[in-house]
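Worksheet: one structure, shown below.
Rule-based calculations on the coordinates, nothing more; no lab input. Remember, it's a predicted structure, so these values are computed and weren't measured experimentally. Here the Cβ is made from the backbone with ideal geometry for all residues, glycine too, and neighbour counts use every protein chain on show.
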Amino acid sequence: MDLTLDLAAQLTWTGLASSSSYCLFALAFALVLKVNRIWNFAQAGLMVVAYFAMFIAFRWLGLSPLPGAILGAITTILAAMALEYWGFRILRQRNSSVLTFFIFTIAMSQFLIYMAELIFGTDPKTLFPSIIAPVRFVGPVVVSDWDLIALSLTVTLVGALWLFLRKTREGKALIAVSDEPDLAEMYGMNKDRAYLVSMALAAILMSAGMYLIGTKAAIFPSTPLSQFMIFAVIATIIGGIGNIFAAGIAGIFLALLQSYSILVIASKWQILLLYILIFVVIILFPQGVKLKLGKRGPARKAGQLPPADDVAEKAS
């Protein structure tokens, strides 16, 4: 397939629109990894909870988009906080190994996927009976209403997360706990509360991402674990462990890469491309790709959060 300017513009726009959900998933994963210090593969199970809570709201209860999305987000927040309180917290108290956390999160995802398949079936489902969005031409580029909603929602949530972390006392507490949990508690910040808050924020991000996915395409209950989690993990590694917003940028890059890959790779092979990418990233970029977003010094690169002592001093 020859790459013309019109085709390049369309692929770029489509990739950016599709990147919205991947960016949100990567932010959610990177946030929990940064604050709670857990590779939370149970996020895939929480995505399933979000998706089918909204499925019930829209398809069974007949709710309109906003109330149904809110119900899905609340359900996911409660599930995420329960996972932290009755799962991760207990494992921390027992000084469990990283391997134990890994096995627990994978098992939790598989369990939630199994329950979804048991209740809703194994066939793919959409959140609404019709997922056809009105489209218009902007020059040579086809722009759909879904594209505009996805991009505006993602920009809003990313901006809100940045403001929350930088400008609110609760957000600064998350930053402090993410760097030095014990030091943060010396300044009067409750690290257990911070862990719950980070899980709640991640739940909101993943709920929004699943809403966008479910209003564009049908998914299987296993899709979050077999596809979306891979995107989130790759983006988190590329962005550099602990660099929350760099993970979101990496998610956008991966979506653009997938969009352009149709020029050389058939769609049925694109999932294989993800697995190849994750091996390449782990082997070649274990510390991430250094994305310098400003000149504020080492602690301000690529969305990296400031040291705990600075934040604690400001928040106290």
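If you split all Cα-Cα distances of segment 53-126 into 10 Å bins from zero, what percentages do you get per bin, shortest first? Going out from 0 Å in 10 Å bins, segment 53-126 shows 17, 36, 30, 14, 2 percent.
Between I132 and A218, the distance separating the two model label sites (each 7 Å from Cα on the Cα→Cβ line) works out to 1.6 nm.
Be a star and scan segment 173-215 for residues whose amide nitrogen sits under 16 Å from the point 7 Å along the Cα-to-Cβ vector of A160. Of the residues in segment 173-215, 197-212 have backbone N under 16 Å from the label point off A160.
With a cut-off of 14 Å between beta carbons, the residues surrounding W146 carry a summed charge of 0, where Lys and Arg count +1 and Asp and Glu -1.
In segment 123-223, Rg over Rh equals 1.16, where Rg is the alpha-carbon radius of gyration and Rh the Kirkwood radius from pairwise Cα distances.
If you build a Gaussian network model of the chain, linking Cα atoms that sit under 10 Å apart, which residue out of Y195, Y187, Y22 swings the most? Among Y195, Y187, Y22, the largest GNM mean-square fluctuation belongs to Y187.
Helices of the chain meeting both criteria, an alpha-carbon length of 24 angstrom or more along the long axis and an average Kyte-Doolittle score not below 0.5, with helices taken as full DSSP H segments, are 5-35, 65-83, 98-120, 145-167, 191-214, 244-261. Please give me the summed charge of the neighbours of T12: other residues whose Cβ is under 13 Å from its Cβ, Lys and Arg +1, Asp and Glu -1. Here the charged neighbours net out to -2.
With no solvent and one point on each alpha carbon, what is the Debye value of log10 I(q)/I(0) for segment 13-80 at q = 0.14, 0.17, 0.25, 0.27 Å⁻¹? Normalising to I(0) and taking log10 leaves -0.51, -0.71, -1.06, -1.10.
Here M81, M229, M210 are placed in order of increasing Cβ neighbour count within 10 Å, fewest first, which gives M81, M229, M210.
Once the mean of 1/r is taken over each pair of separate Cα atoms and inverted, the chain shows a Kirkwood hydrodynamic radius of 20.2 Å. Computed per residue of the chain from DSSP H runs no shorter than four, each worth -39500 (n - 2.57), the mean residue ellipticity at 222 nm is -21500 deg cm²/dmol.
The distance between label points at I262 and Y187 comes to 4.8 nm (points 7 Å beyond Cα on the Cα→Cβ vector).
Annotation: extensible slack from T4 through D123 equals 39.1 nm (criterion: 0.36 nm per residue apart, minus Cα-Cα distance).
Calculation over all alpha carbon pairs of segment 1-115 in 5 angstrom steps from 0 returns a P(r) of 2, 10, 15, 18, 15, 12, 9, 8, 6, 2, 1, 0 percent. The number of Lys pairs in the chain with C-alpha atoms less than 16 Å apart, excluding pairs fewer than 8 positions apart on the same chain, is 9.
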